[in-house]
Amino acid sequence: MQDNASPVAGQVGYVAIEQPFGVQPPQVHCPICGQRQFVEAGDEYLETPCEHLAFVFGGEEDEFVYASDDFAARFERFDAELDARFPDEDARVGEAYEEASSFYRDLFARRLADLGYGANLLALRITYGGMADGAPVWFSDVYGFDYATIRDDE
Ligand SMILES: [Zn+2]
């Protein structure tokens, strides 16, 4: 898992924020340039990512809903390594695969390290809850901002 990861000092910055129940998720702005990452257009949310946004993991979708080119390339390498380590279905049952592949909860920051990120990445995990069909549901979105993308002219 380490061979594509050039050594980056320090651990990924991973911050978990939980909102009070029933409060809409916040408008997320880039901590580097201030740009809003999504805008509402009618009933839809349109992505308006700035160059610092590495990824957005959508809790409701349970997958990455935005990936920068750099993140997509890292993810492809990660996926290829996973394929090499767990080549077939038989290898993919069991805890070891789960432990190596899952982005679930506490494993998220470890996966980001597997992707070669270090202390120059800030991952913001925002948990929010509300009622759906009479039952409370909670989701967590994760936004990744890459401070390594800052250029000298900023
Ligand atoms: Zn930005």
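If the condition is being touching a Gly at 6+ places or on another chain (Cβ under 6 Å) and at pLDDT below 95, then region 49-107 contributes only 65. A count restricted to region 100-122 and to residues that are more than 19 Å from residue 70 (Cβ to Cβ) and crowded, with 20+ Cβ neighbours inside 10 Å stands at 0.
Screening region 69-89 for residues that are away from the ligand (no atom under 16 Å from the Cβ) and crowded, with 18+ Cβ neighbours inside 10 Å and picking the one that is farthest from residue 24 (Cα to Cα) gives 78. Against the definition (in contact (Cβ under 8 Å) with a residue 40 or more places away in the chain, assigned to a loop (DSSP other than H, G, I, E, B), within 27 Å of residue 48 (Cβ to Cβ) and touching a Gly at 6+ places or on another chain (Cβ under 7 Å)), how does residue 119 come out, yes or no? Judged against the criteria, residue 119 is a match. The number of residues in region 114-148 being of a type in the set (A, V, I, L, M, F, W, C) and either more than 15 Å from residue 28 (Cβ to Cβ) or over 13 Å from the mean Cα position of the chain (by Cα) (or both) comes to 10. The set of residues in region 48-63 being touching a Ser or Thr at 6+ places or on another chain (Cβ under 8 Å) and within 13 Å of the ligand (Cβ to nearest atom) consists of 49, 51, 52, 53, 54.
Tallying residues that are outside any loop (DSSP other than H, G, I, E, B) and either modelled with pLDDT of 90 or more or surrounded by 14 or more Cβ atoms within 10 Å (Cβ to Cβ) (or both) within region 7-42 yields 9. Screening 66, 45 for residues that are part of a strand (DSSP E or B), within 14 Å of the ligand (Cβ to nearest atom) and within 23 Å of residue 129 (Cα to Cα) leaves exactly one candidate, 66.
The values are calculated or read from the model by the stated rules, or taken from the named source; none is laboratory data. A quick note: this is a predicted structure, and the numbers were derived from the prediction, not measured. Because the Cβ atoms are built from the backbone with ideal geometry, glycine has one as well, and the counts that use them run over all protein chains shown.
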